[in-house]
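Trainee: For reference, the structure I am asking about is given below.
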Amino acid sequence: MLRIGLVDDEPEFLNQVKKLLQDYFVDKGLLSHIDVYSKPELLYYNITEGKTYDVCFLDIEMPGMNGRELAEKIREWDENINLIFLTLHTEYIKMGYRVRAFDFISKDEIKNELSGLIERLLRKMEKDATKFYTVSTYCRYEKLAYSDIIFIYKNGQNIRFVLKNGEVQERKSLKKVLNELDGEIFMLIERGYIVNLAHIVKLHAREVELSNGKKLMVSREHIQNVRNRLGMYCMRAMSDLEG
């Protein structure tokens, strides 16, 4: 089931988009649940209270908290919600890169463009679902989605995976874990610490801040590589958006 949050301060347009989405999923035989909000603050409050969404449609131009501000707050809380902006103005596209929006859709063209956008989104989600790391021991087998892994650190003879919800432990060397992970997404920043580039929300001097609020120091040996790799990661994200 696709969980959707839809925010717009115009009730008529809000209901129109909800109906278009419902018709699409019924036609495709897919399950969906759509929550509509006329106030962006209500969506953000529900997310902070534990409500989860696969995708949120955000009107950019709203009184009070606008769509840009809402997107930034959502990104601080959840790095993996797919964000789609509703707008009449294409100049907002560059702003979308900063919050890693999945796409934009013109309000004037929503009837014609929505089905194609949802198809692209479903393909992306299917691809993302195949990315995982497997923890396997004599008494345990568990798949950890890449998107859930914030960082990994060495703890004695064990490795600890810090996830969006909790931690998982495995007895294995950090080097071996790094070799088994996707090198485009994960990297070593300090002896004993691996981070997921998708969860870095800020890099200042030699400190990275992660999506869960944790701050880690980057070694002098790795800082330039971190800057380069983070830049390349963001460029790939932009390229995927444009594609």
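Trainee: At 222 nm, what helix-only mean residue ellipticity would the chain give, in deg cm²/dmol to the nearest 500, using -39500 (n - 2.57) for each DSSP H run of four or more?
Mentor: Here the helix-only value at 222 nm equals -12000 deg cm²/dmol.
Trainee: Follow-up. How large, in percent, is the carbon and sulfur part of the accessible surface of the chain at a probe radius of 1.4 Å?
Mentor: 48
Trainee: In the range 154-243, what GluC sites (Glu not before Pro) fall in a loop by DSSP, with at most 12 other Cβ atoms inside 10 Å?
Mentor: Listed in order of number, the matching sites are GLU184, GLU221.
Trainee: Further question on the same structure: Please list, ordered by chain and number, the residues whose modelled amide H lies under 5 Å from the amide H of MET187; skip anything fewer than 5 residues away on the same chain.
Mentor: VAL195, LEU197
Trainee: If you line up the long axis of helix 223-242 against the longest principal axis of the chain, both from Cα atoms, how many degrees apart are they, to the nearest 10?
Mentor: Orientation of helix 223-242: about 30 degrees from the principal axis.
Trainee: Over the heavy atoms of HIS33, what accessible area does a 1.4 Å probe trace out, to the nearest 10 Å²?
Mentor: Estimated to the nearest 10 Å², HIS33 gives 80 Å².
Trainee: Next question, about the same structure. So what's the angle, to the nearest 10 degrees on a 0 to 90 scale, between helix 11-28 and the longest Cα principal axis of the chain?
Mentor: 70
Trainee: Let me ask another. On average, how much accessible surface per residue is there in the chain, in Å², for a 1.4 Å probe, leaving out ligands, DNA and RNA?
Mentor: Computed with neighbouring chains in place, this is 55 Å² per residue.
Trainee: Go through the range 1-78 and name the chymotrypsin sites (Phe, Trp or Tyr not before Pro) that are in a DSSP coil and have 12 or fewer other Cβ atoms within 10 Å of their Cβ.
Mentor: none
Trainee: On alpha carbon coordinates alone, what is the Rg over Rh value for the chain, Rh being the Kirkwood radius?
Mentor: 1.00
Trainee: Still on this structure, please answer the following. Please work out how much length the chain gains when fully extended from ASN228 to LEU178, using 0.36 nm per residue of separation minus the C-alpha to C-alpha distance, in nm with one decimal.
Mentor: 16.2 nm
Trainee: I would also like to ask the following. Below 30 Å, Cα to Cα, which lysines can LYS172 reach? Residues fewer than 8 away in the same chain don't count.
Mentor: LYS127, LYS131, LYS143, LYS154, LYS164, LYS202, LYS214, LYS215
Trainee: Report, in degrees rounded to the nearest 10, the 0 to 90 angle that the Cα long axis of helix 110-129 makes with the longest principal axis of the chain.
Mentor: Rounded to the nearest ten degrees, it is 20.
Trainee: Quickly work out the ARG120-to-TRP77 label distance, labels modelled 7 Å from Cα along the C-beta direction, and quote it in nm with one decimal.
Mentor: 2.6
Trainee: Could you list the GluC sites (Glu not before Pro) in the range 1-71 that lie in coil according to DSSP, counting only those with at most 12 other Cβ atoms within 10 Å of their Cβ?
Mentor: Those that pass, being in a loop and sparsely packed, are GLU49.
The values are calculated or read from the model by the stated rules, or taken from the named source; none is laboratory data. Everything numeric in this text was worked out from a predicted model, so none of it was measured. Here Cβ is always computed from backbone atoms with ideal geometry, including for glycine, and neighbour counts include all displayed protein chains. For accessibility, only protein heavy atoms count, side chains too; no ligands or nucleic acids. Shrake-Rupley method; radii C 1.70, N 1.55, O 1.52, S 1.80 Å.
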